[in-house]
Each structure stands twice: as C-alpha cells, then as structure tokens.
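Pasting a structure here, questions to come.
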Amino acid sequence: MRITKGLAKMFLDGKAALVTGSSRGIGRATAIALARAGADVAVNYTSSQAAAEEVVARIRELGRCGVALQADVASMDQAEGLVEGAVREFGRLDILVNNAGITADGLLLRMKEHEWDRVLAVNLKGAFNCTKAALRYLLKAPAGRVINIGSIIGLRGNPGQVNYAAAKAGLIGFSKALAREVGRRGVTVNVVAPGFIVTEMTDRLPEGLKQKMLADIPLGRFGQPEEVAGVVVFLASDAAAYITGQVITVDGGLAM
Ligand code: NAP
C-alpha cells in the first residue's frame, strides 16, 4: 500500500480493471474515471460495440490501455472469456466492477417468468459468474477489489420491481459473504447503491414518475453517472483499503 504522510492515495497507476456493462451510462463513466485515475480498463458490452469502442478511445486519450470485449455476463462461459480477455490484454487484474444490469419492470401479478429469470441472471448471476472467473487473479493482486453496483431499490424495494429488488438485495448478501471469504487475502468487496442516476435506464421512465421521485430527493436533483464513478474510484484505491462488506448509497439522500 502506498501511504504518503499518513494519507492513502486515490491513484490507480499500474492497475488493471474490468468494468462490466461499460459501453453506456454508469459503467461508461466508471471506466473513464478509473482510466483517469491511472488504471488500464477493459470495457464490456453486449450489443453496443461502437459505443464501447468510443469508451476505449477515451481511455487511450487519457494515456491508458483499453480494450472492448463483448460478453453476456449471464453466461458463465462468456464471463470466463471476458475475464481471460482482460487478463490476456493487461497481464493482470486488480479491480472488477460488476455493473452490467437491466430492468424488466411490472407488477408481480403480471410479471412473466422470463422477466424474473433474465433480471436475476444478468444482475445477480452475472456478478457471480464474473467474480468467480476473476477471483484467482484478484487474489494474486496486491490489493484486489470487487465493487458491485447495486441499487437503493435493493434496500427499499419498489412497486413493479420485485425481480430487480431481489437481484440487487441478493448482490448485497453476495458481497458481504464474499467479503468474509477473501478479506484475509487482501481483497475487499463492496456495493455502491445508486439512487436515480440520469442514464438510458432511467430515461425510459414516465415523466410523471420522475417528477414524483425528484420531490423526494433531499439534494433536489437527479445524479450523474460521474457521481457514482467517483465513489467506485475511491473504493478501488488505497484510500479505501480498510473498507469491506459495505453498501455505500449515492442517491442525493433519497434512501436515508
Ligand atoms: P444502462 O445505461 O442501461 O447501461 C447498461 C450497460 O450494461 C450497457 O453498457 C449494456 O451494454 C450493459 N449490459 C446490459 N446487459 C448486459 C449483459 N447481459 N452483459 C453485459 N453487459 C450488459 O444502465 P445504467 O443506468 O448505467 O446502470 C448501470 C448499473 O447501475 C446497473 O447495474 C443498474 O442496475 C445500476 N443502477 C442504475 C441506476 C440508475 O438510476 N441509472 C440506479 C441504481 C442502480 P449494451 O450497451 O451492449 O447493451
């Protein structure tokens, strides 16, 4: 650990990161923020190849190495290929950000089985798949990091999102259990739980619902992807070396 005059640094020079679902939104902002802090970054996507290549171009402009890798995190085979692709590119893996996520909203009475299955498969099993594939590399790293992107919906619930709430709550249990498994090996595992962040995921919501949510946010505005990314960079850095098994909300005070 690099500690200068008692202060741990938020530099990630020489580290390698993989951010799942980083062609757009929070993942994109996180990949760029990690590169700005000094890390090489693997950018993952399923269909948005051009957007992923654009993120890689931004990473290279920042003087870091980047690579775009297509994989559906819900598939164990593809998650393994994704992690191997990142390690092949950078020769190591220090930071895994499980960010890929989807919604398929509907009240329980109307929710289809496939909507439950797919949301659980991407949001929860995706994190299991990628972390399982990445763990042996993270254990070899001097300070391995797993950072899972949850949601305040996993803490509070939300009508119309039993699948998403269950997946995000599951991610918290997953993270706490793993934090206990790997803490003595120097790997930390934390959850960042955003509130309402302006991305394509939230663009789809009806205007009336957005205004209702806005009225409940103490800071009086929606969040930006970069405001989640900053917390991820902090958790990835030496400054957060003594933080594990935690859920950090980034929600303008909405869930307090
Ligand atoms: P977004 O704008 O919809 O972007 C989703 C990203 O995930 C895209 O890069 C997408 O790739 C990728 N992706 C989707 N399914 C995937 C799969 N099966 N395998 C690999 N990548 C996949 O979403 P966002 O709003 O940035 O959300 C990012 C994370 O934050 C999610 O976990 C979400 O649940 C969480 N979150 C968001 C908010 C919010 O207000 N936006 C609030 C709380 C939590 P393609 O472009 O190729 O489809």
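So the check is Cβ under 8 Å with 6+ separation or different chains; which pairs have a first residue in the stretch 137-157 that's farther than 18 Å from residue 192 by Cβ and a second one that's outside any loop (DSSP other than H, G, I, E, B)?
137/83; 137/87; 139/182; 139/185; 157/165
Considering only residues that are open to solvent by less than 50 Å² (accessible area, probe 1.4 Å) and more than 17 Å from residue 23 (Cα to Cα), which ones fall in the stretch 77-102?
Listed by number, the residues that qualify are 81, 87, 90, 93, 94, 95.
Go through the stretch 107-126 residue by residue and tally those that are without any contact (Cβ under 8 Å) to a residue 60 or more places away in the chain and either open to solvent by less than 20 Å² (accessible area, probe 1.4 Å) or outside any loop (DSSP other than H, G, I, E, B) (or both).
13
Out of (1) within 15 Å of the ligand (Cβ to nearest atom); (2) under 15 Å from residue 145 (Cβ atoms); (3) assigned to a loop (DSSP other than H, G, I, E, B), the odd one out for residue 14 is which?
(1)
Restricting to the stretch 132-188, name every residue that is in a helix (DSSP H, G or I), farther than 21 Å from residue 92 by Cβ and hydroxyl-bearing (Ser, Thr, Tyr).
Within the stretch 132-188, 164, 175 meet the criteria.
Quick check on my filter: what residues within the stretch 189-236 are among the hydrophobic types (A, V, I, L, M, F, W, C), closer than 24 Å to residue 130 by Cβ and in a helix (DSSP H, G or I)?
Within the stretch 189-236, 201, 228, 229, 231, 232, 233, 234, 235, 236 meet the criteria.
Considering each of 233, 192, 182 in turn, give the residue that is in contact with a strand residue (DSSP E or B) (Cβ under 9 Å, 6 or more places away or on another chain) and within 16 Å of the ligand (Cβ to nearest atom).
192
The values are calculated or read from the model by the stated rules, or taken from the named source; none is laboratory data. This structure is a prediction, so every number in the text was calculated from the model and none was measured. Ideal geometry is used to build each Cβ from the backbone, glycine not excepted, and the neighbour counts take in all protein chains shown. Protein only, heavy atoms only, side chains kept; ligands, DNA and RNA dropped before computing areas. Shrake-Rupley method; radii C 1.70, N 1.55, O 1.52, S 1.80 Å.
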